[in-house]
Each structure stands twice: as C-alpha cells, then as structure tokens.
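The values are calculated or read from the model by the stated rules, or taken from the named source; none is laboratory data. Computed from a prediction, not measured in an experiment: that's the story for all the values here. Methodologically, a virtual Cβ is constructed for each residue, glycine included, from the backbone with ideal geometry; neighbour enumeration extends over all protein chains shown. With ligands, DNA and RNA removed, areas are computed over all heavy atoms of the protein, side chains included. Shrake-Rupley method; radii C 1.70, N 1.55, O 1.52, S 1.80 Å.
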Amino acid sequence: MAAPRRDTRGIVDAPGLFTRVQFRRRTPAAPLRPYVEHYWLIDWDLSEPYATHVVPHPCVNIVFQRYADRPGFGEVAGAGREVFAQQLAGRGRVCGVQFRPGGFRPFTPERPATDWTGRRLPLATAFGHADADATAAAVLEPDDEDARVAALDAVLTPLLRAEPRILDQARLAMRLADRIRTDRTIRRVADFARSEGMSLRALQRLFAGYVGVSPKWVVLRYRVHEALERAASDAEVDWAALAAELGYSDQAHLIRDVTATVGVPPTAYAR
C-alpha cells in the first residue's frame, strides 16, 4: 500500500491550522491497510482558541479526542454532508482513523454504511464497548507517537471480522469510490455504472450499503475538494477552465456547489 496522502483536501485553511497544531498521518498495521486510508494525529497547546473547519470526505472516521475541559473519549463519525467545525483551546489531542470510502463496513458487517451517515456516535454505542473509557485512554495517553499508533492497531484489528461476501463487496465499493476520486473523465453516474458492467440501481445500492452516500454525491464532493484546494493555492485560478476540467457544464455550476458546501463562493474562499 502507498504511504499516507500528503494533500490537504477537505481541510479549510490548512496553512492556518498547521501553524497552530502538530498534524501527522501514519500508516496502520498491514492487515488493516486495505480498509484504512491512514491514521491522523493532532496535538495542540494554544494560547488563544482556534476554530477548525473540515469539508468531510465520503468515509467513516473513528476519532479519539481529549480536550482541555473534558476527559478523553472515542466516537464513530459517519460520512458528513456538512462542513464540520471544532473549537480548539488550551491543550488537547486527537487520534483519528480515516477509513477508505467503503472500508468501514467490514468492521461493522451487520450495519449498512447509511446507519452512520451524518451521525457521531460514542464508541460504546457503536461497538458495545463496556470499557470505552479505558480504550480511549490507551490511545490518547501515550506521549510516544508510535505507542498511539500501536494502540489504534490493537483497537481495530479484533473488529475486522466480516465474512468473505462482505469483504468482496467492500473491496468493490472501495475500488469504485477511488476511481471516482482519481478519474476526472467520470461525469455521469449512469455512464460510470455501465462502464463497470453494473446497473445504476446496483451501483446506488452498493454505495448506500458500503459508502453511506450516493455515487453522485461522491462525484460532487471530490469535485468540491479539488476546487477548494485550488482556491487555497497561491496560483491565480481560471475558474471557467477549472469548471470544465472538473466536468461542470459551466462555471456557474461550480460556484454553486462550492458556495453550497462552504457558505461562500470560491473567489471569496480564496481571499
């Protein structure tokens, strides 16, 4: 498997965040890598509060968190449709697991991915952990980064228990979601389904069960991610050309999607 991604897609004002926190991505244990994109670790010690904003990826995260005003805890965060905001203050730490789109289902095979979409559930509720507090402490307390990664491996490995049919469908969903992410020629979901030898309805059912959002939504979200990353770059952006490159019929449609996602048009976001 490749090393963790180095792009900042989804992070609003990544330079501003990175000047205030220590942010790292780490690779999980080998048996987990087909399903887990990466671990993400954040530590901060701030003299002034800072609000982070993230345009979520179409995937599930498990997030262990410790803030200055509360003890550590863990939760499952489903694919989010809205911008996620979090206030950071004082000292704190987060250890997160970003699953690949479609990769969480093998850890909860009895539940479709739509059960998690738009929700944040305590670890005890999601997995029935009687010792959820001890699990969070085991992940969050070590100052050694390698120890935190090992603790995340220890949490996840016993949960990977799906039968072969679920694993096969998860692999298919992950492959298709990754193709949407990387193949800019994908414009229409119906054409995409045909190119994969699937009916549109079968593709929609697969994404509902394993990704948690529709394939059309995934196409739009990845377009917005790229548009926001371009807007945050130092280069002057030709919005009409970018709209065409991302498969929009015109610049107005790109502006509409970005504005609906982050609340401001891309030119204002860039400023």
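Check off (1) of a type in the set (A, V, I, L, M); (2) part of a strand (DSSP E or B); (3) surrounded by 14 or more Cβ atoms within 10 Å (Cβ to Cβ) for residue 124 and give me the number that stays unchecked.
Of the numbered conditions (1) of a type in the set (A, V, I, L, M); (2) part of a strand (DSSP E or B); (3) surrounded by 14 or more Cβ atoms within 10 Å (Cβ to Cβ), the odd one out for residue 124 is (2).
So the check is Cβ under 8 Å with 6+ separation or different chains; which pairs have a first residue in the stretch 235-260 that's farther than 20 Å from residue 218 by Cα and a second one that's among the basic types (Lys, Arg) and not in a loop (DSSP other than H, G, I, E, B)?
Every condition considered, the pairs that remain are 237/230.
Can you say whether residue 74 is in contact (Cβ under 8 Å) with a residue 24 or more places away in the chain, part of a strand (DSSP E or B) and either surrounded by 16 or more Cβ atoms within 10 Å (Cβ to Cβ) or of a type in the set (S, T, N, Q) (or both), as far as the supplied structure shows?
In short, yes.
Being open to solvent by 40 Å² or more (accessible area, probe 1.4 Å) and not charged (D, E, K, R) is the filter; apply it to the stretch 218-232 and report the residue that is modelled with the lowest pLDDT. Full working, then the answer.
So in the stretch 218-232, the residues open to solvent by 40 Å² or more (accessible area, probe 1.4 Å) come out as 220, 229-230, 232.
Now drop any that are not not charged (D, E, K, R), which leaves 220, 232.
On the way: 220: 91, 232: 77.
It comes out as 232.
Of all residues being without any contact (Cβ under 8 Å) to a residue 60 or more places away in the chain and part of a loop (DSSP other than H, G, I, E, B) in the stretch 160-184, which is farthest from residue 196 (Cα to Cα)? Just the residue, please.
In this case the residue turns out to be 161.
Against the condition open to solvent by less than 10 Å² (accessible area, probe 1.4 Å), of a type outside the set (Lys, Arg), more than 22 Å from residue 148 (Cα to Cα) and in contact (Cβ under 8 Å) with a residue 12 or more places away in the chain, how does residue 108 come out, does it pass?
Yes, satisfied.
Could you grab me the full set of residues in the stretch 237-271 that are assigned to a helix (DSSP H, G or I), at pLDDT below 85 and out of contact with any helix residue (DSSP H, G or I) (no Cβ under 8 Å at 6 or more places or on another chain)?
Result: 268, single match.
Just need a number here: residues in the stretch 233-252 that are open to solvent by 60 Å² or more (accessible area, probe 1.4 Å) and under 21 Å from residue 58 (Cβ atoms).
So the count comes out to 1.
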